[in-house]
Amino acid sequence: AKENGKNTYVYFDTKMQEAVKEKTYIENKLIDALKTNNFQILYQPIYDIKTGEVVSFEALLRIKDSNISPAKFIPIAEKSNLIVDIGNWVIENVLSQIREWLNRGINVKPVSINISVKQFLDGTFLDLIKEYLDENNIYRDLIQLEITESLLLEKNEHTIQKLKTIKDLGIKLILDDFGTGYSSLSYLTYIPVDRVKLDKSLNDRFVNKYNIETIKNIIGLIKSLDLTVTAEGIETMEQVEILRQIGCDYVQGYVFSKPLIAEGCIDLLKN
Ligand code: C2E
Ligand code: CA
Ligand code: CA
Ligand code: CA
């Protein structure tokens, strides 16, 4: 038994060393990507559930020539503070992409940008967004910001004020990942968001009548607050059909399109 305990200890120790090594490896990858412009943004289309029209895109970050998922590298970037520079890189690049599309006469749709808590709370955040928008001469309704409830675990007046300022600028706010964590519908009565994104984990649960009824009620409540609803991570037409019936406004998911390279969006923007 003693031997066994020892082995377990060694095992955990090795696991921990591996985790630290991996974290350091990814951190260096991120620092390097910032220096060498080795990031890339993919754009996933979001569709109007009634008309099938593309209404907007979500900007999703990748490290070029790497299969490290943002689900892995974003949390590491958040812990190491690199997220502020990376987030700024994303904003700058999305806006110059929009400017490039506009210059080509393309009928651009709004692009949603994911914003981390640290990035949002950074003192320069608002000025930076305004600066990039003005620099590229872009209408404010062409970008939308996706925030998560982690920004609002407590009802912080300063945060709410900042969100209101953003809204007053004409930038739409989307509450992302709804239905995970501590999401409570009461948040929605004081967070000044325009739209709510139902998390994939909720949408994966269309397995029985009870769950469909629950999600229908959630959508009903959201809409009673005059907010619109997007369902994300939608992979089957069966889900789309149910969502249509229970009043969801927009859908995003592999069923219609994976995230695309910028040039791949052009065909979707032509009409
Ligand atoms: P998210 O904001 O919830 O983004 C949706 C994720 O679901 C994306 O993963 C997208 O590719 C994936 N997805 C979309 N449709 C489907 C589907 O039908 N099935 C499945 N299985 N997945 C689907 P991705 O691109 O790997 O990003 C993961 C997370 O990383 C994002 O989750 C977001 O939290 C974060 N992230 C990505 N880009 C950025 C960024 O520029 N800034 C920040 N702060 N976070 C980002
Ligand atoms: Ca998102
Ligand atoms: Ca999400
Ligand atoms: Ca997420």
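The values are calculated or read from the model by the stated rules, or taken from the named source; none is laboratory data. Bear in mind the structure is a predicted one, so any value in this text is a computation, not a measurement. Here Cβ is always computed from backbone atoms with ideal geometry, including for glycine, and neighbour counts include all displayed protein chains. Accessible surface areas use protein heavy atoms only, side chains included; no ligands, DNA or RNA. Shrake-Rupley method; radii C 1.70, N 1.55, O 1.52, S 1.80 Å.
A compact table of results
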| quantity | calculated |
| --- | --- |
| Residue satisfying all of: in segment 251-263; open to solvent by less than 40 Å² (accessible area, probe 1.4 Å) and in contact (Cβ under 8 Å) with a residue 60 or more places away in the chain; farthest from Phe39 (Cα to Cα) among these | Val251 |
| Selected residue (only one of Lys223, Lys200 is among the basic types (Lys, Arg), over 25 Å from Gln40 (Cα atoms) and open to solvent by 30 Å² or more (accessible area, probe 1.4 Å)) | Lys223 |
| Inter-residue pairs, beta-carbon under 6 Å, first outside any helix (DSSP H, G or I) and in segment 198-222, second more than 16 Å from ligand 2 (Cβ to nearest atom), 6+ apart | Arg205/Asn211; Phe206/Ile212; Phe206/Gln239; Phe206/Ile242 |
| Residue satisfying condition, being of a type outside the set (Gly, Ala, Ser) and within 16 Å of ligand 3 (Cβ to nearest atom), within set Val84, Val111 | Val111 |
| Selected residue (criterion: most open to solvent (accessible area, probe 1.4 Å)) from residues of segment 87-118 that are assigned to a helix (DSSP H, G or I) and more than 23 Å from Cys265 (Cα to Cα) | Lys118 |
| From the options Ala59, Ala71, residue that is of a type in the set (Gly, Ala, Ser) and either away from ligand 4 (no atom under 16 Å from the Cβ) or not in a helix (DSSP H, G or I) (or both) | Ala59 |
| Residues satisfying the stated conditions in segment 25-46, i.e. among the hydroxyl-bearing types (Ser, Thr, Tyr) and within 16 Å of ligand 3 (Cβ to nearest atom) | Tyr43 |
| Selected residue (only one of Ile143, Ile138, Ile171, Ile160 is open to solvent by less than 90 Å² (accessible area, probe 1.4 Å), within 15 Å of ligand 1 (Cβ to nearest atom) and β-branched (Val, Ile, Thr)) | Ile143 |
